[in-house]
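Below: the structure, in structure tokens.
The values are calculated or read from the model by the stated rules, or taken from the named source; none is laboratory data. Predicted model, so just to flag it, every value in this text is computed and none were measured. Reconstructed Cβ throughout: ideal geometry from the backbone, glycine too, with neighbour counts over all protein chains shown.
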Amino acid sequence: MQEIKLNNLEEFLPQSLPQESRAKAKTLFYKSLALKMHRFYGGKTAVMPKAGIFDINWFNVWYTPGVSAVSTAVRDDNDLSFALSNRGNTVAVISDGTRVLGDGNCTPAGGLGVMEGKAMLMKYLGGVDAHALCINSRGKDGQPSADKIIDFVKMCAPSYGAINLEDISQPNCYKVLDTLRRECDIPVWHDDAQGTACVCAAGLINALELAGKKIENAKIILYGAGAANTATAKFLIKLGADGGRITMFDNIGALRRGRDDIKNNPDFYRQWELCQITNRDNIITEEQAFADADVVIAASKPGPDTVKPQWIGMMAPKAIVFACANPVPEIYPDSAKRAGAFIVATGRGDFPNQVNNSLCFPGILKGVLLCRAKAITDDMAVVAAKAIAKRARDIGITPDNILPLMTDGEVYAAQAAAVAQAAQREGLARVNISYEEAYQKAKKDIAASRSLASLLEEKGFIKTPPASLIEETLEEVLKNL
């Protein structure tokens, strides 16, 4: 089998290119190659049996007449559906395509690439089966409807062990999550919010340790007040941050008690809640906020000048900068470092310190599935953040390595076990499972998923793309620099 690797992409870019141009070139390369590879494979996921068909009579077991016994057993006890079907290891990845990555409204079908990607990562990284379900949430007026999403999730919930919401625009994302968490009896997870917040919290735990600072004393800026940072604010407060020393900014200005535009808009109840508990000093401008700040976590519009170098220069010594926008961070790492930042993280994997929800959702969802949890709480996500941070410290943290890499299977198994224990402590688990049992089960399933992918590659069921596709793509990008 020919190996197709992208590790040496940097070698093919002219050394004279500044970092911003190199980052742009790599972004164009990955986007162009993604189109070619998705066409080559026809998507990223497939469904295959996991039970044996050893002769023709096994059809009588897996289907009629034998399967009738499964239907009646589940009819009499719905919880048996987790054990007698694949429900116990299956997640629905649901989006209406109204806010896909940094591209905005991509139509319902436009979300399929990302949702299939989530399903692929769940299987490979967490040993979890997942289905991409992109739905049309538009009402008769053409506008997306939160109620339509809520109704759809409720209708399909009996087929799944958990729900992963993704790329739903504001304010619908808040209403959908809060309603479904109250009214569903399976975990509902919003990865754009809770997932991003979980990994930001994990990274900040280790960044503060390297900087020699305590979270309870840190002056923190959350630049952007959407789903990600509203969840991040709650998580940081749960970790011990002083809410009064957190200042949040939306596209109008700093959140504070005087923001009547937020107070009078029922759609933004989460932001109004944060107006009451953050920004004790009634900060109004970015210059006021960045002066002597210890941390900025940006989840705002793609940059590269959304967060300005001069603001970074105003921060306290050993400043920590998380620029999480994709595909272009709010400030590039080299610019932030030149301005005085000590640790810089982005959402991209081609820079040090990738802060990306892919580091948490496969492990967290595996954990709730293992104990058949009825919900995912914020406290469970904070437990996962601590597990991620600990795994990084066990490996060894540095200013350029505050988090584990996505290739580290150990971090997902550790999260799964920790989350399963948290669900049991909160009384949300249908079954009891010890830490060691959950850890070993997760580790086994993750290893099996990776081994299966490797076997399919070796046997030719996953075709190896021609190297010429990669070479052609690189030539196209270099011509357009």
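The table that follows gives values for the structure above.
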read-out: Check on Val328, β-branched (Val, Ile, Thr) and surrounded by fewer than 23 Cβ atoms within 10 Å (Cβ to Cβ); value: yes
read-out: Top-ranked residue of the range 235-250 - restricted to ones that are of a type outside the set (Ser, Thr, Tyr) and buried (at least 22 other Cβ atoms within 10 Å of the Cβ), ranked as nearest to Gly363 (Cα to Cα); value: Phe235
read-out: Answer residue from the range 425-444, given it is under 25 Å from the mean Cα position of the chain (by Cα) and of a type in the set (Gly, Ala, Ser) and is surrounded by the fewest Cβ atoms within 10 Å (Cβ to Cβ) among those; value: Ala429
read-out: Residue in the range 445-455 that is surrounded by the fewest Cβ atoms within 10 Å (Cβ to Cβ), counting only those that are in contact (Cβ under 8 Å) with a residue 12 or more places away in the chain and of a type outside the set (Ser, Thr, Tyr); value: Ala448
read-out: Sole residue being surrounded by fewer than 16 Cβ atoms within 10 Å (Cβ to Cβ) and closer than 27 Å to Asp267 by Cβ, chosen from Asp167, Asp147; value: Asp147
read-out: Filtered residues of the range 453-480 (kept if of a type in the set (Lys, Arg) and either touching a Pro at 6+ places or on another chain (Cβ under 7 Å) or over 30 Å from Lys50 (Cβ atoms) (or both)); value: Lys479
read-out: Pairs with Cβ under 7 Å, 6+ apart, first in the range 1-23 and surrounded by fewer than 10 Cβ atoms within 10 Å (Cβ to Cβ) and at pLDDT below 75, second of a type outside the set (Asp, Glu) and in a loop (DSSP other than H, G, I, E, B); value: Gln2/Thr464
read-out: Test: Gly97 is in contact (Cβ under 8 Å) with a residue 40 or more places away in the chain, of a type outside the set (A, V, I, L, M, F, W, C), within 26 Å of Gly161 (Cβ to Cβ) and assigned to a loop (DSSP other than H, G, I, E, B); value: yes
read-out: Those helices (runs of 4 or more DSSP H) lying entirely in the range 389-481 with at least 2 residues at pLDDT 95 or above; value: 409-425, 435-458
read-out: Verdict on Gly409 being over 30 Å from Ile320 (Cα atoms) and not hydroxyl-bearing (Ser, Thr, Tyr); value: no
read-out: Total residues in the range 64-98, condition among the charged types (D, E, K, R) and either closer than 16 Å to Ala132 by Cβ or touching a strand residue (DSSP E or B) at 6+ places or on another chain (Cβ under 9 Å) (or both); value: 1
read-out: Any hit, the range 376-388, residues being closer than 30 Å to Tyr439 by Cβ, of a type in the set (Gly, Ala, Ser), over 16 Å from the mean Cα position of the chain (by Cα) and at pLDDT 95 or above; value: no
read-out: Flag for Ile320 being crowded, with 18+ Cβ neighbours inside 10 Å, part of a loop (DSSP other than H, G, I, E, B) and either within 26 Å of the chain's Cα centre (by Cα) or in contact (Cβ under 8 Å) with a residue 60 or more places away in the chain (or both); value: no
read-out: Single residue of the range 333-343 satisfying the filter (touching a strand residue (DSSP E or B) at 6+ places or on another chain (Cβ under 8 Å) and in contact (Cβ under 8 Å) with a residue 24 or more places away in the chain) that is farthest from Ala293 (Cα to Cα); value: Pro333
read-out: Looking only at the range 79-102, and only at residues there that are over 24 Å from Ala442 (Cα atoms) and touching a helix residue (DSSP H, G or I) at 6+ places or on another chain (Cβ under 8 Å), the one that is surrounded by the fewest Cβ atoms within 10 Å (Cβ to Cβ); value: Leu101
read-out: Restricting the range 32-51 to residues that are surrounded by 10 or more Cβ atoms within 10 Å (Cβ to Cβ) and either among the polar types (S, T, N, Q) or at positive phi (or both), the residue that is nearest to the chain's Cα centre (by Cα); value: Thr45
read-out: Flag if Gly161 is free of Cβ contacts under 8 Å to residues at least 12 places away in the same chain, in contact with a Ser or Thr (Cβ under 6 Å, 6 or more places away or on another chain) and among the small types (Gly, Ala, Ser); value: no
read-out: Failed criterion for Ala422 (all others in (1) without any contact (Cβ under 8 Å) to a residue 12 or more places away in the chain; (2) surrounded by 14 or more Cβ atoms within 10 Å (Cβ to Cβ) hold); value: (1)
read-out: Scan of the range 183-192 for residues that are surrounded by fewer than 21 Cβ atoms within 10 Å (Cβ to Cβ) and either closer than 20 Å to Val128 by Cβ or modelled with pLDDT under 95 (or both), ordered by number; value: Cys184, Asp185
read-out: Leading residue by the ranking (surrounded by the fewest Cβ atoms within 10 Å (Cβ to Cβ)) among those in the range 103-129 that are in a helix (DSSP H, G or I) and in contact with a Phe, Trp or Tyr (Cβ under 9 Å, 6 or more places away or on another chain); value: Leu121
